[in-house]
1. Give me the accessible area per residue for the range 34-84, probe 1.4 Å, as a whole number in Å².
2. Compute the distance from the alpha-carbon center of the range 112-190 to that of the range 50-87, in whole Å.
3. What list of ³J(HN,Hα) couplings, whole Hz, do you get for the range 61-72 from phi and the Karplus terms 6.51, -1.76, 1.60, once you set θ to phi - 60° and write x for glycine and proline?
4. Under 5 Å between amide hydrogens, which residues at least 5 positions from residue 78 or on another chain qualify, with H placed 1.01 Å from N in the peptide plane?
5. Could you sort 129-136, 169-176 so that the peptide with the highest average Cβ count within 10 Å comes first and the rest follow in order?
6. For each pair in 185/222; 89/171; 176/222; 185/221; 89/221, compute the distance between the two Cα atoms and list the pairs where it is over 29 Å.
7. Please name whichever of 174, 224, 199 sits farthest to the positive end of the charge dipole of the range 152-241, dipole taken about the Cα centre and charges placed at Cβ: Lys and Arg +1, Asp and Glu -1.
8. Using 7 Å Cα-to-Cβ label points, what is the residue 237/residue 182 separation (nm, one decimal)?
Amino acid sequence: MPKSILARASRWSLGVLVAAGLAGALWSMQGRAAERATVIPPPATDAAASTEESQTVVLAGGCFWGVQAVFQHTKGVTKAVSGYAGGTKDTARYQIVSNGTTGHAESVQVTYDPRQISYGRILQIYFSVAHDPTELNRQGPDEGTQYRSAIFFANPEQQRVAQAYIAQLDKAGTFKQRIVTQLTKYDAFYPAEGYHQDYATLHPENPYIFYNDLPKVENLKKLFPDLYREQPVLVRASARS
């Protein structure tokens, strides 16, 4: 669970905050600069071209609300589902994962069409706008191993490309600190509870979303205009189709 009072309250009792006028105060802030993107080069090594219609990678980078929102607005992504990875099925529940003792990380299962967007470009967005890969076991106001930066790679090629990209960025000194993203072999992914899905789209007035996550989507639009799409691909919409 987030450590700050704002994060705790905004994720569990927004009505109180709104009634108190906090939401209005946040809306009056000049700019939404909580999440700053880092301009980074594309990977020098990318996955081989594929004729497959669909590939998947699981990415963790703090609260899954924002990471999901970013990839839901990314062209070539056909589905982005919030959930849990790194622990067991029995503990894949938000109330338990929030304790930080399950091994799970809040994650997003990103399904994409490799004919439209490469795995390397997915990683470029992940490292640049979806989260800060230099923060260890935290993102912004959220602290704990459940908020760690991690790539759950599905095959050796995904692992190789991610390793090479991290080495490339560290060698170039792209970030002020070294990347701490864990590379972990994919074992299982467990979708989060329904109320977590499409959360940023459904609750843009949430102070947590407004301050921490909407800027990520804006950064995607600014830095990757060729990959940005205005209408997000939502879990609810894909479930109905």
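1. Working: 1870 Å² over 51 residues.
Result: 37 Å² per residue.
2. 12
3. x, x, 4, 5, 4, x, 4, 4, 4, 4, 6, 5
4. Residues meeting the amide H criterion: 111, 112, 113.
5. Numbers: 129-136: 22.8, 169-176: 13.0.
The peptides rank, most packed first, as 129-136, 169-176.
6. Pairs exceeding 29 Å: 185/222; 89/171; 185/221; 89/221.
7. Farthest towards the positive end: 174.
8. So the label points at residue 237 and residue 182 sit 3.3 nm apart.
The values are calculated or read from the model by the stated rules, or taken from the named source; none is laboratory data. The structure presented is a predicted model; accordingly, all values stated were derived computationally and were not measured. All Cβ positions, glycine included, derive from the backbone under ideal geometry; neighbour counts span all protein chains shown. The area values use the complete protein model at the heavy-atom level, side chains included, leaving out ligands, DNA and RNA. Shrake-Rupley method; radii C 1.70, N 1.55, O 1.52, S 1.80 Å.
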